[in-house]
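The values are calculated or read from the model by the stated rules, or taken from the named source; none is laboratory data. Computed from a prediction, not measured in an experiment: that's the story for all the values here. FYI the Cβ positions are ideal-geometry reconstructions off the backbone, even for glycines, and counts take in every protein chain you see.
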Amino acid sequence: MTSRRSFLSFTLLLTGGLPLIAACTPPPPPSPDYTQIGFGHRAPLRLNVARVVFRDESRQPREAPEVGHLFPDPPPTVVERWVRDRLQAVGSGGEIEAVLREASVTETTLPRSSGLRGLVTREQSERYDARISLALRARNASGEPDGSVEARLERSTTVRENLGRGERTAIWHRLMEEMARSLDEEMERAIRDGDLARLLA
């Protein structure tokens, strides 16, 4: 009888301590809060057209080696946001059509060292190649072509082996931020120095 009472007391003590043990377990770290890539801090390019329209013709697959759709801010979304934030229609006729031809990020597995070097060295294991191609086409009030400009961007980065998903995602986001800055600079330069400069209000 004494043994049974001791066993029950031990069981109650053990199960009663479980909430205390669980309470001491630290909570999982919060997910990183990636700031949305935007261009609202930049003055819009005022264009003497009645409207600006965006068309995505990139049609990137959502399967390997394409990984852009996994980014916190996917490339097509960033480009469309650039068009919305930076191109402002202030005229009464004609239009600017922004055509996204490519917005991709591909993953390539890099060769690894063999032998002892491969065992003791943490090497770069994947490369990410980002590409954006955006064209702006102007049409006058009659619908006739009235000039165009285009920008093509390419940037790459690599990551080391055994990188955690959170660290990898942070690198992806930095790559997209760099692409966004380059897109903004290249497109504004193309507009000001090209066929569409005369449409600037």
Item to check | strands (runs of 3 or more DSSP E) within the stretch 80-181 that include 2 or more residues in contact with a helix residue (DSSP H, G or I) (Cβ under 7 Å, 6 or more places away or on another chain) and either on the phi > 0 side of the Ramachandran plot or not basic (K, R) (or both) | outcome: 95-109, 124-139, 145-160
Checklist outcome for this item: Scanning the stretch 127-147 residue by residue, those buried (at least 18 other Cβ atoms within 10 Å of the Cβ) and acidic (D, E) turn out to be D146
Next on the checklist: List the residue pairs whose Cβ atoms are under 8 Å apart, where the first residue sits in the stretch 184-201 and is farther than 19 Å from P145 by Cβ, the second is part of a loop (DSSP other than H, G, I, E, B) and not hydrophobic (A, V, I, L, M, F, W, C), and the two are 6 or more positions apart or on different chains.
Outcome noted: D184/R42; A201/N48; A201/G91
Checklist entry - Counting only residues that are surrounded by 14 or more Cβ atoms within 10 Å (Cβ to Cβ) and within 21 Å of T77 (Cβ to Cβ), how many does the stretch 182-201 have? => result 6
Checklist outcome for this item: If we keep only residues of the stretch 114-170 that are farther than 20 Å from E188 by Cβ, acidic (D, E) and over 24 Å from the mean Cα position of the chain (by Cα), then the residue modelled with the highest pLDDT is E144
Checklist entry - charged (D, E, K, R), modelled with pLDDT of 95 or more and surrounded by 10 or more Cβ atoms within 10 Å (Cβ to Cβ): does that describe R59? => result no
